[in-house]
Amino acid sequence: MLVYNRILIIQTAFIGDAILASSLLEKLHARFPQCELSILVRKGNEGIYQSHPFLKEVLIWDKSKHKTKHLWQMLFRIRHNRYDAVINCHRFASSGFLAGFSGARHISGYTQNPFSFLFNVKVKHSVSHGLHEIERYNQLIEDFTDKVIVKPKLYPSASDILKITPYLRDNFVCMAPASVWFTKQLPAAKWVQLCNTRDSDQTIYLLGAPGDRALCEEIKLKSTHQNIVVLAGELSLLQSCALMQKARMNYVNDSGPLHLASSVNAPTTAFFLSTVPEFGFGPLSDQSVIKQVSGLPCRPCGLHGFKSCPQQHFNCAQQIEIPVS
């Protein structure tokens, strides 16, 4: 069996994809405990891997400015690190360029990548077979491990747990109402309805990034529930993880917070609107519920979200059932 002393995982897509890539860290560390593992993520996603116990290094690629310059700088750094294996979880040219010219003796990635001709192991990434994304990731390392699937996992630090301690209650839930895409985001009125159905003695924490605060404040203002606390912009991603882990339930869209909940096995209720769980991004927590509208001929309308409903009615959101407390 080949010996791997240094392995690099590449996932420079959005935050949810980067979280799910932690499943490979879990499996590779268990299989090769002495191996030095590193991961490459896009700038802004590095926080989820802060102080991760299995990582030697987190590489950060800044796509926001001087993208090409930083790409070449990253390639030189990767080649300098002399990885034995590079596992590319991303299907686009930039990551394929880094993997293909990394100098590693073993390179795996997806056939859809323009640089896949440089890979030793090529796997077709397909959403038509009902596989979860972590199963598709695992296909990239099956040739030197096995078919056993390991769930993603993140590690909030002691300081993260200390940060959220003042918010811990006997009875609280978390809601993450925002999404990058309009058709993946439950409308504000539905979140208000959800808040109004919660028991009066239950604390509701509204989570999100700083840019989500206005939406959260709107939901709080319009709700009749008297115990809503807006934490959007107040907590880091790992701190949000730590809080979600202690919640009675976490209500999320098909977006990054769903995968944050999965990474700490937190109870999850996920709303799927224009997308479907069969694409491979459903919740992985032991206690999880999926809410979606069945029977709509226009659903799903795409693999990702849209800035507006292509049919102009947004029935996948308007007709969804809101759980009653």
| message | I want to verify the translational diffusion coefficient of the stretch 23-84 in µm²/s; compute it with Stokes-Einstein, Rh as the Kirkwood radius over Cα pairs, at 10 °C and 1.306 mPa s. | response | 124
| task | Considering Cα pairs under 8 angstrom that are at least six residues apart, work out the relative contact order of the stretch 1-158 and quote it in whole percent. | result | 26
| query | Taking N as the number of residues in the chain, what is its alpha-carbon radius of gyration divided by 2.2 N^0.38 Å? | reply | 1.02
| said: If you count only protein heavy atoms with a 1.4 Å probe, what accessible area per residue comes out for the stretch 183-304, rounded to a whole Å²? | reply: 38
| request: Could you rank the peptides 9-19, 224-234 by their average count of other C-beta atoms within 10 Å per residue, with the highest value first? | output: 9-19, 224-234
| note | Note to self: with every protein chain in place and a 1.4 Å probe, the stretch 31-133 gives an accessible area per residue in Å² of 50
| task | Leaving ligands, DNA and RNA out of it, report the carbon-plus-sulfur percent of the accessible area of the chain at a 1.4 Å probe. | result | 52
| query | Given 67/124; 56/151; 124/246, which pairs have Cα atoms separated by over 30 Å? | reply | 124/246
| Whole-angstrom gap from the stretch 248-320 to the stretch 1-45, using each part's C-alpha centre | 26
| request: Would you mind telling me which residue in 77, 91, 213 has the biggest mean-square fluctuation in a Gaussian network model of the chain, where springs connect alpha carbons within a distance under 10 angstrom? | output: 77
| message | Run the reach check for residue 63 against lysines, Cα to Cα strictly under 25 Å, same-chain hits fewer than 8 apart removed. What comes back? | response | 43, 184, 307
| note | For the chain, percent of DSSP beta bridges that are antiparallel (nearest 5) comes out at 0
| field | the stretch 49-115-the stretch 129-200 distance, computed between alpha-carbon centres (Å) | value | 26
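The values are calculated or read from the model by the stated rules, or taken from the named source; none is laboratory data. Since the model is a prediction, treat every value here as computed from it, not as a measurement. In this analysis, Cβ positions are derived from the backbone assuming ideal geometry, glycine residues included, and neighbour counts consider all displayed protein chains. The accessibility values were calculated without ligands, DNA or RNA, using every heavy atom of the protein model including side chains. Shrake-Rupley method; radii C 1.70, N 1.55, O 1.52, S 1.80 Å.
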